[in-house]
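Engineer: Let me give you the structure first, and then I'll get to my questions.
Laboratory data are not the source of any read-out in this text; all were calculated from the coordinates shown. These numbers were taken from a predicted model, which means no experiment stands behind them. Note that we place each Cβ from the backbone using ideal geometry, even for glycine, and neighbour counts take in every protein chain shown.
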Amino acid sequence: MCRAMLLLIVVSLFSLAAEALDNGLALKPTMGWLHWERFLCNTDCDMDPDNCISERLYMQMADVMVKEGWKEAGYEYVCIDDCWPSHQRDAQGRLQADPKRFPGGIKKLADYVHSKGLKLGIYSDVGDKTCAGYPASRGYYEIDAQTFADWGVDLLKFDGCNMNWTLLGSGYIEMSKALNKTGRSILYSCEWPLYEWPYRQPNYTAIRETCNHWRNFGDVYDSWSSIKSILEWTASHQDIIVSSAGPGGWNDPDMLLIGNFGLSHTQQESQMALWAIMAAPLLMSNDLRDICPRSKELLQNQRIIDINQDPLGKQGFLTAKVDSFEVWERPLSKNRLAIALLNKQELGGPRGFAIRAVPGWKICNPQCNVTQILPQYKEMGVHNPQSKLVVSVNPSGTALLTVTPVTSAFKRLHRLEMAVKPRHTIL
Ligand code: GLA
């Protein structure tokens with residue numbers, strides 16, 4: 001066999017191995033809102049009608065998402081988490097929503113959400129019961145997939161509680177096939193690796209072929225230590241997980257907590273910056289009806305969202321640890337680079353970081369253009385490998401920057417533009 005043919009076979013084998021779930025969804029990280037971290041399993045609508053898990057909550061979020069610029073910023077999915085169903089299936093064995101809290105039923109809720117130009121997500125579990133003890137899908141994969149499709153659901157978060165770990169893979173794959181069989185486009189959000197890690201290293205090739213995103217690590221909660229533990233886990237497993245992310249399938253470090261109670265504004269900026277670098281789904285769990293303007297502005301910051309949604313679809317990773325700073329880098333389309341500088345020293349005031357210590361700074365040879373996006377937008381001008389540029393970062397804060405190489409072709413074009421300009425003015 002000729003060498004070129006052999007090469008072709010090897011290359012196609014490799015691209016096959018990295019194939020994403022072929023449902024045409026999640027070509028960019030999913031954006032939306034998910035109830036869990038903020039609203040948990042609050043089912044007491046008599047005591048707490050505004051915050052209990054009920055159709056009203058999702059309808060109100062959908063209203064706000066349209067009115068307050070969330071939809072326009074890209075947040076599209078309104079997602080139900082655990083605790084929505086009735087404790088009994090119906091006479092045909094189908095899941096049904098709790099009739100008191102969802103009097104209209106899920107189909108009507110989906111219609112409402114769709115009428116706003118948004119999409120609806122729902123939740124179930126691969127095992128016998130959900131994590132909060134509600135009926136789950138084991139033994140009912142096809143029925144449940146069809147029920148969700150009939151209701152017009154657009155996303156399924158599929159949890160992994162109450163399941164023998166040796167059956168996790170087959171269960172997740174079966175549900176993926178069942179969803180596909182319905183013919184409806186339903187984005188499939190898994191927790192398969194999270195539940196398999198305690199026993200063995202999950203097979204990320206199979207996971208990418210099965211799911212549109214997947215949780216790897218424990219639940220996020222409303223504190224900086226939770227965000228740090230997610231980043232630490234991600235960095236210490238990056239050799240295994242980063243290459244599995246790309247258009248169609250993403251690692252999911254869990255919800256954004258921006259706008260809640262446990263993170264300072266500086267720490268909220270760190271979460272937003274690092275979730276953009278990690279190409280993470282941006283699923284907010286907060287109360288959009290009552291969110292402070294600074295958190296809203298941060299979540300809707302289009303420059304950060306653009307990094308998250310970059311069409312190259314490569315996940316960034318930790319590239320250096322220098323003097324209690326972590327450097328995270330993400331390759332972007334058009335040869336650009338996003339850099340996050342996280343100040344891990346939770347003591348004292350803002351500290352300076354000399355940017356030429358960033359490993360990817362080599363793209364600044366001969367020159368590059370630097371833009372700071374966080375903590376505030378600043379065009380930092382043209383730099384070179386010897387640049388003395390120092391960026392100041394708050395304790396537990398992150399500076400987020402983009403770097404664009406200035407190629408000689410670009411410089412030539414720029415010179416040409418400059419030369420052409422005066423003539424335009426005369427005309
Ligand atoms: C698990 C998941 C969470 C949430 C809860 C609901 O803990 O990881 O994201 O869905 O179950 O019970």
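Engineer: Given only helices, namely DSSP H runs of n ≥ 4 each adding -39500 (n - 2.57), what is the per-residue ellipticity at 222 nm of the chain, to the nearest 500 deg cm²/dmol? Could the numbers behind the result be given before it?
Structural biologist: Details: 15 runs with 148 residues, N = 427.
Rounded to the nearest 500, the figure is -10000 deg cm²/dmol.
Engineer: Can you pick out the pairs among 67/108; 321/388; 119/344 whose Cα atoms lie more than 26 Å from each other? Each step should come with its number before you reach the end.
Structural biologist: Values: 67/108 21 Å; 321/388 19 Å; 119/344 37 Å.
Long pairs (Cα-Cα over 26 Å): 119/344.
Engineer: Between residue 371 and residue 72, what is the FRET efficiency for a Förster distance of 22 Å, r being their Cβ-Cβ separation, to the nearest 0.05? Mind dumping the intermediate values first?
Structural biologist: Working: r = 23 Å, r/R0 = 1.03.
According to the calculation, E is roughly 0.45.
Engineer: What is the antiparallel percent of DSSP beta bridges lying wholly in the chain, to the nearest 5? Show your work: numbers first, answer last.
Structural biologist: Numbers: 36 of 60 bridges.
Percentage antiparallel, nearest 5: 60.
Engineer: Under a plain spin-label model, where a point goes 7 Å from the Cα along Cα-to-Cβ, how far apart in nm are residue 297 and residue 167?
Structural biologist: About 5.3 nm separates the two model spin labels.
Engineer: Once each part is reduced to its C-alpha centroid, what is the distance from segment 322-373 to segment 221-298 in angstrom?
Structural biologist: Segment 322-373 and segment 221-298 have Cα centres spaced 19 Å from each other.
Engineer: Still on this structure: Which percent of Cα-Cα pairs in segment 17-308 sits in each 10 Å bin, short to long?
Structural biologist: Answer for segment 17-308: a P(r) of 6, 30, 39, 22, 3, 0 percent.
Engineer: Give me the extension gain from residue 150 to residue 261: residue separation times 0.36 nm, minus the current Cα-Cα distance, reported in nm with one decimal.
Structural biologist: In short, 36.2 nm is gained.
Engineer: Multiply the residue separation of residue 88 and residue 408 by 0.36 nm, subtract the distance between their alpha-carbon atoms, and state the gained length in nm to one decimal. Let's see the in-between values first.
Structural biologist: Numbers: separation 320, 0.36 × 320 = 115.20 nm, distance 6.78 nm.
This chain segment gains 108.4 nm when fully extended.
Engineer: Sum up the charges of everything whose Cβ sits under 13 Å from the Cβ of residue 261, counting Lys and Arg as +1 and Asp and Glu as -1, but leave residue 261 out.
Structural biologist: Working: positive: 38; negative: 37, 222, 287, 290.
Its environment carries a net charge of -3.
Engineer: Could I ask something else about it? Using the Kirkwood formula on the Cα atoms of segment 144-268, what hydrodynamic radius do you get, in angstrom to one decimal? Walk me through the numbers before you get to the answer.
Structural biologist: Values: mean 1/r = 0.0638 Å⁻¹.
Kirkwood hydrodynamic radius for segment 144-268: 15.7 Å.
Engineer: Quick one: net charge of residue 150's neighbours, Cβ under 15 Å, K/R +1, D/E -1? Intermediate results must be reported in sequence, preceding the final value.
Structural biologist: Details: positive: 89, 94, 107, 108, 181, 184; negative: 90, 111, 142, 144, 154.
For residues surrounding residue 150, the net value is +1.
Engineer: Further question on the same structure: Taking GluC sites (Glu not before Pro) as candidate sites, keep only those in a DSSP loop with at most 16 other Cβ atoms within 10 Å, then name the longest stretch of the chain containing none of them. Can you show the working numbers first?
Structural biologist: Working: sites that count: 19, 68, 346.
In the chain, the maximal stretch lacking such sites is 69-345.
Engineer: Once fully extended, how much extra length lies between residue 108 and residue 225, figured as 0.36 nm per residue of separation less the alpha-carbon to alpha-carbon distance? Mind showing how you got there, number by number?
Structural biologist: Working: separation 117, 0.36 × 117 = 42.12 nm, distance 3.96 nm.
Result: 38.2 nm gained on full extension.
Engineer: Over all directions, the average projected area of the alpha-carbon convex hull for segment 104-165 comes to how many nm²? It would help to have the intermediate numbers written out before the result.
Structural biologist: On the way: hull surface 17.6 nm².
If I average the Cα hull's projected area over directions, I get 4.4 nm².
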